[in-house]
Amino acid sequence: MIIKSLTVRFGAFTAVDDVTLEVPPGSIVGLVGESGSGKSTLARAVSGLVPYTGEIIGAGRRRVQMVFQDPYASLDPRMRVGASVAEGVRLSRAARRVEVERLLSLVSLPAELAGRYPRELSGGQRQRVAIARALGARPDLLVADEITSALDVSVQGAVLNLVRELRAELGLSVLFISHDLAVVRYVCDVIAVLHRGRLVEVGTTDEVVGSPRAAYTRALLEAVPRLGRR
Amino acid sequence: MRHLLRTPAGLAGASLVALMVVLAVAGPPIWGAAAERIDPAALLQGSSAAHSLGTDSLGRDLLARVLVAGRLSLALAALATLIGAAAGIVLGALPSVLPRRAARLVTGTVNALVAFPGLLLAMFTAVVVGLGARGAVLGVGAAIAPGFARLTQTLAASVARADYVAAARMLGVPRRRVLTAHVLPNVAEPLILHLTQALGGALLGLAGMSFLGLGVQPPSFDWGRLLFDGFARIYATPAVAVGPAVAVALAGVGFNLLGDALARAASRTGPPARGPAAPVASENRSPGEPDARAVLEVRDLTVTFPGGVTPVRGLSLTVAPGEIVGLVGESGSGKSLTAAAIGGLVPYPGTVRAARLRLCGADLGELTAERRRRLLGTSLAMVFQDPMASLNPALRIGGQLAEVAVVHQGASRAEAAARAVDRLGHVHVPEPDRRARQHPHELSGGMRQRAVIAMGLMGTPRLIIADEPTTALDVTVQRQILHLLRRATEETGAATLFISHDIAVVGELCHRVVVMYAGRVVEDLPVEGLATAAAHPYTRALIASLPDMDTDTSQPLASIPGRQPPPGEVGSGCAFAPRCPLAGEQCAEAPPLLPYGTDHHVACWKAT
Ligand SMILES: Nc1ncnc2c1ncn2[C@@H]1O[C@H](COP(=O)(O)OP(=O)(O)O)[C@@H](O)[C@H]1O
Ligand code: SF4
Ligand SMILES: [Mg+2]
């Protein structure tokens, strides 16, 4: 999938400015940058949630699905988990049950969770449900917008592992947005750095982390917290 | 439901409403005949043994008539409410389905109607439709509708912006299904609550209409009509007006109380806080000699809520001057409640117990409420995740900061204002004098958090407690705020308790790390040891699951299976046992926090 010259304007303000980025099939492309740099706006544009100019080539509507940052706000509190997961599934009633089970097992959740309400689930479990729901539409591209930043460290790792497994098993393409470079380095093949709505650097993870070219990328790398380094 | 009946207001409301329902059902069959019995010998009497509320101009017993009128009064009120709600909900839902321009027209109309006095709207409608019960019901319905329309509109708009609706749209869920599956269910509950309150209003409104002669006409009678008939005689025989007036008031109050209580139960805000819980010394534990050097010394802190919920269980903690102690743990481990207990902010009905809770050498449990408040006000600065928890949205930043100096340091207004600007500049708020004149909403999240820190620095705090101060901020801003906190600690020599779920941030900022799990401290160690010397299986697992810039990307990240038990379900053993790879028989008993090398404490049987 190729994002070509994508621009999003809110009135006179340009939130995303002429971004061109390729997400090759089966790869995870990381998008980093501080908040307000336009990451979420880009994600929403690619997902068809905000109007944009430019082109998205190689992925139709419904073929792009997004997973949101806050797993507490992205599931309808009054809808059972099974019904939420089934929302993107276009199958007969009976087949849908089976499909929901399959989707839940893809994200390593037991099938009996289908009958529960989101409030009975932990944050990590909710985020898995949100991922299962997105997978139900069999997307060409999964947009993951800060999907671990609302989670505790103890479950963050499991969700990151899941993203990598899904890529390995399903050949899923992912646009993975995060402010945390250590996380992005761990899951992504390619890293794109966004600053004030513009891409300042794109390269393989090794290139960007190992020999950053843009000054802003170096500043971001500097800002990564390290245990016991004061 | 039990929750609802626990508050006095909820109980009173529910009883009154139940009483009204019984009256509506049983009133006419029991007292119907008495209410219609004409007695020429007892015309226009006042209160007497035979007729406790007197009689009317045909000698009919007024008490019986009041009891019988309940059914009609309540039925009409229910009808008016249903009409108003139906009209209002349709009107409120229209803008989300109509084309843009028509939607704006509807919204504008609703806004105008909301601003229009309800009784006038009701009277106007009643006059147009015609006198009588029908006119009154439609009139009151018309008066109720705009409120419902506005509520429906706001609710629908907020649900429409929810992430789960965006997700449904991406999945190609049809518009109609989004409405029935997501919007309506999430809008229904508040609407039903509003219905109960509207019923009380309708009852009063209809009584008012009948009282004005616009409502129920003879020979029918409702409470308003009885009031209308009795009012002319109020000076001669006041009892005749008291009956219907009391009935209307009781019913109206009942529905309003019930509606309020329902709304509160639904939003789970509980009864209004009765002020924070003061610490109570816990018996039979000798905490040993107090640590004279420590700014903060906590021994065996326990926070309990009714129903056996103990989110903080026997926590001990010491913070020295100039030291930054990081308190880490996953959400729900009791970090925030620990901070709240120290600051005297645990909400009712929580109870705080501690063998010792010393701040700046004074035992908080032994101080009078007044002295405790003053000590906390002058020596403790608190910074929360949401800066708006500390800022009043209605006041200018500068004024709020100045207030602190005026109240706690007895500074003059002018001095305080100047100091506020100075402190804002000190925490690198650009153009501090201009910012001081702005309201909180005009500042970005990072700027607001700086303002809160500046507020803490108006005095000379001895202890700074920062509870997830950077969680809502992005990395670069997060970093600046952390710098600022460290500098504030260095400059003031204050002790800092830094609370975070993010062990990486804590590892970078703090001198010492205290790890909490399920309400207890499981490990306490110098930050240098965090990456390599952690001894508790939970701490180790946390660190292993955290990717850093050197993590081997060919291996899956370590993760901790299972979940932390909620505070009501922590058993007597080690709370980590169900998730612990080392758990053994011994772990059925809770391990104490014991010294482990220098400056290092661990609560684990297997850490030897
Ligand atoms: N007012 C309250 N009533 C009952 N339980 C509460 C209350 N406040 C917090 N708790 C419970 O106490 C536990 C610890 O909460 P908290 O201190 O906020 O944890 P943390 O800050 O570590 O995330 C949670 O399980 C929470 O549900
Ligand atoms: S006490 Fe036992 S269960 Fe608890 S952490 Fe240590 S080994 Fe694990
Ligand atoms: Mg907290």
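The values are calculated or read from the model by the stated rules, or taken from the named source; none is laboratory data. Bear in mind the structure is a predicted one, so any value in this text is a computation, not a measurement. All Cβ positions, even for glycine, are placed from backbone atoms using ideal geometry, and neighbour counts span all protein chains on display. With ligands, DNA and RNA removed, areas are computed over all heavy atoms of the protein, side chains included. Shrake-Rupley method; radii C 1.70, N 1.55, O 1.52, S 1.80 Å.
Once segment B:138-156 is narrowed to residues that are surrounded by fewer than 23 Cβ atoms within 10 Å (Cβ to Cβ) and of a type in the set (A, V, I, L, M), the residue that is farthest from B:Ala93 (Cα to Cα) is B:Leu138. For A:Gly88, the conditions (1) in a loop (DSSP other than H, G, I, E, B); (2) surrounded by fewer than 23 Cβ atoms within 10 Å (Cβ to Cβ); (3) touching a helix residue (DSSP H, G or I) at 6+ places or on another chain (Cβ under 9 Å); (4) of a type outside the set (A, V, I, L, M, F, W, C) all hold with the exception of (2). Scanning segment B:506-517 for residues that are touching a strand residue (DSSP E or B) at 6+ places or on another chain (Cβ under 8 Å) and either open to solvent by less than 10 Å² (accessible area, probe 1.4 Å) or within 15 Å of ligand 1 (Cβ to nearest atom) (or both) turns up B:Val506, B:Gly507, B:Leu509, B:Cys510, B:Val513, B:Val514, B:Val515, B:Met516.
Checking B:Gly519, B:Gly562 one by one, the residue that is on the phi > 0 side of the Ramachandran plot, more than 9 Å from chain A (Cβ to nearest Cβ) and at pLDDT 90 or above is B:Gly519 and no other. The residue list A:Ala144, A:Ala132 contains one member that is out of contact with any strand residue (DSSP E or B) (no Cβ under 6 Å at 6 or more places or on another chain) and at pLDDT 90 or above, which is A:Ala132. Residues in segment B:329-353 that are more than 16 Å from ligand 2 (Cβ to nearest atom) and either closer than 25 Å to B:His536 by Cα or within 14 Å of chain A (Cβ to nearest Cβ) (or both) were compared, and the one that is most open to solvent (accessible area, probe 1.4 Å) is B:Ser331. Taken together, B:Ala168, B:Ala188, B:Ala239 contain a single residue that is farther than 30 Å from B:Pro95 by Cβ and in the same structural domain as B:Gln45 (by TED's automatic domain parsing), which is B:Ala239. Residues of segment B:442-499 that are within 16 Å of ligand 1 (Cβ to nearest atom) and either assigned to a helix (DSSP H, G or I) or buried (at least 24 other Cβ atoms within 10 Å of the Cβ) (or both): B:Ile465, B:Ala466, B:Pro469, B:Thr470, B:Leu497, B:Phe498, B:Ile499. Among the residues of segment A:44-96, those identified as facing chain B (nearest Cβ under 7 Å) and on the phi > 0 side of the Ramachandran plot are A:Gly48, A:Arg62. Residues in segment B:313-324 that are at negative phi and either within 15 Å of ligand 1 (Cβ to nearest atom) or part of a loop (DSSP other than H, G, I, E, B) (or both): B:Arg313, B:Leu315, B:Leu317, B:Ala320, B:Pro321, B:Glu323.
Looking at segment B:157-232, the helices (runs of 4 or more DSSP H) lying wholly inside it that each contain 3 or more residues that are open to solvent by 20 Å² or more (accessible area, probe 1.4 Å) and away from chain A (no Cβ under 14 Å) sit at B:184-211, B:223-231. Would you say B:Val506 is within 16 Å of ligand 3 (Cβ to nearest atom), modelled with pLDDT of 85 or more and of a type in the set (A, V, I, L, M, F, W, C)? Against the criterion (within 16 Å of ligand 3 (Cβ to nearest atom), modelled with pLDDT of 85 or more and of a type in the set (A, V, I, L, M, F, W, C)), B:Val506 qualifies.
Residue-wise test of (1) farther than 21 Å from B:Gln480 by Cβ; (2) among the hydroxyl-bearing types (Ser, Thr, Tyr); (3) within 14 Å of the chain's Cα centre (by Cα).
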position: A:Ile147; (1), (2), (3): yes, no, yes
position: A:Val153; (1), (2), (3): yes, no, no
position: A:Val187; (1), (2), (3): yes, no, yes
position: A:Arg198; (1), (2), (3): yes, no, no
position: A:Glu207; (1), (2), (3): yes, no, no
position: A:Arg213; (1), (2), (3): yes, no, no
position: A:Thr217; (1), (2), (3): no, yes, no
position: A:Leu221; (1), (2), (3): no, no, no
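Scanning segment B:412-431 for residues being part of a loop (DSSP other than H, G, I, E, B) and either polar (S, T, N, Q) or surrounded by 19 or more Cβ atoms within 10 Å (Cβ to Cβ) (or both) gives a total of 3.
State yes or no: is B:Gly456 within 32 Å of the chain's Cα centre (by Cα) and either under 17 Å from B:Leu317 (Cβ atoms) or away from ligand 2 (no atom under 16 Å from the Cβ) (or both)? Judged against the criteria, B:Gly456 is a match. Among the residues of segment B:497-518, are any within 16 Å of ligand 2 (Cβ to nearest atom) and of a type in the set (D, E, K, R)? No: zero hits.
Among the residues of segment A:122-134, those identified as open to solvent by 10 Å² or more (accessible area, probe 1.4 Å) and more than 9 Å from chain B (Cβ to nearest Cβ) are A:Arg126, A:Arg128. Restricting attention to segment B:3-50, the residues that are within 41 Å of the chain's Cα centre (by Cα) and of a type in the set (A, V, I, L, M, F, W, C) total 17. With respect to the numbered conditions (1) open to solvent by 20 Å² or more (accessible area, probe 1.4 Å); (2) more than 10 Å from every other protein chain (Cβ to nearest Cβ); (3) under 25 Å from B:Ile543 (Cβ atoms); (4) not polar (S, T, N, Q), which one is the sole condition not fulfilled by A:Leu221? For A:Leu221, the failing item is (2). If the condition is being out of contact with any Gly (no Cβ under 6 Å at 6 or more places or on another chain), charged (D, E, K, R) and more than 18 Å from A:Leu49 (Cβ to Cβ), then segment A:5-19 contributes only A:Asp18.
Among residues of segment A:154-177 being at the interface with another protein chain (Cβ under 10 Å from one of its Cβ atoms) and open to solvent by less than 10 Å² (accessible area, probe 1.4 Å), the one that is farthest from A:Leu21 (Cα to Cα) is A:Ser154. Please verify whether A:Gly38 is surrounded by fewer than 15 Cβ atoms within 10 Å (Cβ to Cβ), in contact with a Lys or Arg (Cβ under 9 Å, 6 or more places away or on another chain) and either farther than 15 Å from A:Ala192 by Cα or touching a residue at least 40 places away in the same chain (Cβ under 8 Å) (or both), treating the condition exactly as stated. Considered against the rule, which asks whether it is surrounded by fewer than 15 Cβ atoms within 10 Å (Cβ to Cβ), in contact with a Lys or Arg (Cβ under 9 Å, 6 or more places away or on another chain) and either farther than 15 Å from A:Ala192 by Cα or touching a residue at least 40 places away in the same chain (Cβ under 8 Å) (or both), A:Gly38 comes out as no. The residues in segment B:557-581 that are open to solvent by 90 Å² or more (accessible area, probe 1.4 Å) and in a loop (DSSP other than H, G, I, E, B) can be counted, and the count is 4. Residues that are surrounded by fewer than 19 Cβ atoms within 10 Å (Cβ to Cβ), of a type in the set (Val, Ile, Thr) and in a helix (DSSP H, G or I) within segment B:26-82 comprise just one, B:Ile30. Within segment A:104-125, the residues that satisfy the criterion of being in a helix (DSSP H, G or I) and either over 24 Å from A:Ser149 (Cβ atoms) or touching a Cys at 6+ places or on another chain (Cβ under 8 Å) (or both) are A:Ser105, A:Ala111, A:Glu112, A:Ala114, A:Gly115.
In this structure, is B:Ser545 open to solvent by 30 Å² or more (accessible area, probe 1.4 Å) and of a type in the set (Gly, Ala, Ser)? It is false that B:Ser545 is open to solvent by 30 Å² or more (accessible area, probe 1.4 Å) and of a type in the set (Gly, Ala, Ser).
Matching residues to (1) within 30 Å of the chain's Cα centre (by Cα); (2) open to solvent by 30 Å² or more (accessible area, probe 1.4 Å):
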| site | (1), (2) |
| --- | --- |
| B:Ser96 | yes, yes |
| B:Arg100 | no, yes |
| B:Ala103 | no, no |
| B:Val127 | no, yes |
